[in-house]
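Engineer: Take a look at the following structure, please.
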Amino acid sequence: MGCQYFEPTSGGADTFTVAMPKLTFGRGCLAELGARAAARGLRRVGLITDRLLVNGPLVDIARRSLIAAGIDVAVFSDIRIEPDQATIEAAAHFVADGKFDGVVSIGGGSSMDTAKAAMVYALYPAGFTDYFGPPVGAGKPVPGPLMPHIACPTTSGTGSECTSVSVIRLGDEESKFVLGSPYLLPDEALVDPACTDSLPANVVASTGYDLLCHALECYTARAYTRWDRIDDPTRRPLLQGANPWSDLAAIKALNIVGNYLERGVKDATDHEARDQLMWGATLAGMAFGNSGTHLAHAMSYGITHLMHDITTDGYPVPSPFIPHGISVVLGAPAIFRFLAPYAPARHLEAAGFLGADTHNAIDDDAGEVLATRLVELMRGGGSPNGLEGVGLTSDLISAMADSSARQTRAIANAPFTASRDDIEAIYRQAISYW
Ligand SMILES: [Fe+2]
């Protein structure tokens with residue numbers, strides 16, 4: 001793995017930043033929540049979770065732990081999975097009115113992302129798109145710190161406990177966009193793999209594909225030295241490209257997906273596999289929180305934009321809905337086949353980390369070797385077969401490409417910046433794989 005990937009370029013960045021919450025990992029650590037919140041001096045917290053979890057055992061453990069530590073708790077659970085403006089505004093009212101000195105989020109990315117964005121609008125009210133980047137928003141920086149936030153993930157995919165972004169569906173745009181600021185990084189994460197014991201197989205699969213793409217996009221991202229140097233250190237973007245830190249975490253996360261995804265999906269009692277996937281999700285969050293994702297995530301937003309009448313078995317959410325991880329992985333084999341010629345060694349190494357046999361492969365084989373391994377992982381975890389597998393037909397592709405092309409910063413974080421027409425051509429290769 002060549003250090004030459006990060007060789008200096010003229011006018012390019014020569015510095016990268018690593019941002020991380022304080023992190024605790026292990027079975028049963030959710031019960032530490034009260035002690036950890038008390039150690040931060042919290043006396044009254046707003047607990048943000050979703051409707052499926054609010055009356056279940058995980059929120060019960062968390063609430064009892066907080067109360068045992070002498071902390072008042074109020075709960076907000078009116079969250080749309082993949083939160084939208086209405087969810088964020090309701091949660092922001094909850095935070096603004098609650099007289100809290102801290103926030104706890106429990107759930108998947110939807111709960112953690114809602115907590116982050118709710119604090120932004122509660123503390124710094126503004127027009128809703130003001131803090132989103134162009135072209136959909138005004139690109140206003142979040143003005144200052146949020147409240148102390150302890151994030152407790154219950155799925156093994158999002159990594160949101162380790163990132164400074166919140167992904168929100170914008171109604172007018174009918175797509176998802178990223179609200180990002182260093183202030184959004186949670187202060188502390190409690191990552192308890194026992195939370196995933198009760199997850200159904202299809203949720204472990206879709207979140208596992210999200211983790212897979214986080215790690216793969218990090219490892220193959222444009223090198224940070226190929227982004228422009230920023231003179232003001234406070235303006236250095238979070239999406240700063242691949243760097244030696246994101247490599248470390250991404251490589252291990254790719255190993256974990258290659259070894260444990262299928263096992264974790266197929267057997268809920270396989271604690272080794274589920275623990276590893278939870279650790280992998282956290283590692284991938286540490287990686288992409290400090291490098292950014294690229295084309296697979298950018299193109300997933302075109303998929304969720306066009307899914308007008310699609311539902312997904314096992315998710316009690318109204319149509320339209322495709323789980324985030326599925327929307328990301330559907331394009332992955334075609335995307336990485338397209339990008340591999342622009343960083344072949346990285347793509348071949350990534351295929352090897354995922355368990356592909358790369359011994360006799362040469363650079364020209366990189367795209368095919370990686371795409372083949374991705375298709376194996378899709379089939380092994382029960383993924384739909386490409387766009388057709390979720391009912392997206394070729395007549396929608398032009399509109400999907402128009403939608404995805406707006407994710408300009410993420411597209412530019414790939415080793416090659418795909419044009420709108422490139423994106424359309426990639427979608428056509430993603431119709432079906434087997
Ligand atoms: Fe993701």
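Each value in this text was obtained by applying a stated rule to the coordinates, not by laboratory testing. Bear in mind that the values here come from a model prediction, so they are computed numbers and not experimental data. Every residue, glycine among them, receives a Cβ derived from its backbone with ideal geometry; neighbour counts consider all protein chains shown.
Engineer: At 7 Å along the Cα-to-beta-carbon direction for both residue 232 and residue 86, put a label point, then send me their distance in nm to one decimal.
Structural biologist: Distance between the two pseudo-spin positions: 3.8 nm.
Engineer: Where the centroid of each part is defined by its Cα atoms, how far is region 163-232 from region 368-434 in Å?
Structural biologist: 18 Å
Engineer: Now, a different point. How far is helix 109-123 tilted off the main Cα axis of the chain, in degrees rounded to 10, range 0 to 90?
Structural biologist: Result, in degrees: 60.
Engineer: Out of every Cα pair in the chain, what percent are spaced more than 36 Å from each other?
Structural biologist: The answer is 20 percent, as a whole percent.
Engineer: Turning to a different aspect of this structure: For the chain, set up a Gaussian network in which alpha carbons nearer than 10 Å are linked by springs, and say which option among 382, 325, 171 fluctuates the most.
Structural biologist: Residue with maximal mean-square fluctuation among 382, 325, 171: 171.
Engineer: At 0.36 nm per residue, minus the direct Cα-Cα distance, what do residue 434 and residue 43 gain on full extension? Give it in nm, one decimal, please.
Structural biologist: Here the answer is 135.2 nm.
Engineer: Report the local net charge at residue 268: Lys and Arg +1, Asp and Glu -1, summed over other residues whose C-beta lies under 9 Å from its C-beta.
Structural biologist: -1
Engineer: I want to verify a result. In a Gaussian network model of the chain, Cα cutoff 10 Å, which of these has the top mean-square fluctuation: 352, 108, 137?
Structural biologist: 137
Engineer: Quick check: net charge around residue 434, other residues with Cβ under 13 Å of its Cβ, Lys/Arg +1 and Asp/Glu -1?
Structural biologist: -1
Engineer: Angle, helix 420-429 long axis vs. longest principal axis of the chain, Cα atoms, 0 to 90°, nearest 10?
Structural biologist: 80 degrees
Engineer: Which value in deg cm²/dmol, rounded to the nearest 500, describes the helix-derived mean residue ellipticity at 222 nm for the chain, given -39,500 (n - 2.57) per DSSP H run of n ≥ 4 and division by the residue count?
Structural biologist: -13000 deg cm²/dmol
Engineer: Neighbouring Cβ atoms within 10 Å as the yardstick, rank 106, 326 fewest first.
Structural biologist: Arranged by neighbour count, lowest to highest, 106, 326 become 326, 106.
Engineer: In terms of modelled amide H atoms, which long-range or inter-chain residues lie less than 5 Å from the amide H of residue 175?
Structural biologist: 170
Engineer: Taking 2.2 N^0.38 Å as the expected size of a compact globular protein, what ratio does the Cα radius of gyration of region 28-191 give against it, to two decimals?
Structural biologist: Output field value: 0.96.
Engineer: Could you compute the net charge surrounding residue 109? Neighbours are other residues with a C-beta less than 14 Å from the C-beta of residue 109; K and R count +1, D and E count -1.
Structural biologist: So the surrounding residues net to -2.
Engineer: Further question: For residue 252, go through the aspartates and glutamates and keep the ones whose alpha-carbon is under 16 Å away, minus same-chain ones fewer than eight residues off.
Structural biologist: Within reach: 210, 217, 272, 275, 349.
Engineer: Could you go through region 366-376 in sequence order and give the Karplus-derived ³J(HN,Hα) for each residue, using 6.51 cos²θ - 1.76 cosθ + 1.60 with θ = phi - 60°, rounded to whole Hz, and x for Gly and Pro?
Structural biologist: Here the 3J(HN,Hα) series is 4, x, 5, 5, 5, 4, 5, 5, 5, 5, 4 Hz.
Engineer: Additional query: At a Cα cut-off below 17 Å, give the lysines reachable from residue 99, other chains included and same-chain residues fewer than 8 away excluded.
Structural biologist: Counting by Cα, and skipping residues close in sequence, residue 99 has these lysines nearby: 116.
Engineer: Moving to a separate point now. Taking the Cα of residue 15, stepping 7 Å toward and past its beta carbon, and measuring to each backbone N in region 227-265: which are under 20 Å?
Structural biologist: 227-246
Engineer: Related question: Most exposed first by the Cβ proxy, i.e. fewest other Cβ within 10 Å, how do 349, 368, 272 rank?
Structural biologist: 272, 368, 349
Engineer: Build a GNM of the chain with springs between Cα atoms under 10 Å: which of 419, 175, 300 gets the top mean-square fluctuation?
Structural biologist: Per the Cα network of the chain with a 10 Å cutoff, 419 tops the list.
Engineer: Right, next: For the chain, what is the relative contact order in percent, using Cα pairs closer than 8 Å and at least 6 residues apart in sequence?
Structural biologist: Computed over the chain, the figure is 16 percent.
Engineer: Classify region 161-225 from the C-alpha gyration tensor, please: rounded if a/c falls under 1.5, else prolate or oblate depending on whether a/b exceeds b/c.
Structural biologist: rounded
Engineer: Moving on to the next point. Can you give the angle from 0 to 90° between the axis of helix 244-266 and the longest principal axis of the chain, with both taken from C-alpha atoms, to the nearest 10?
Structural biologist: Once rounded, one gets 90 degrees.
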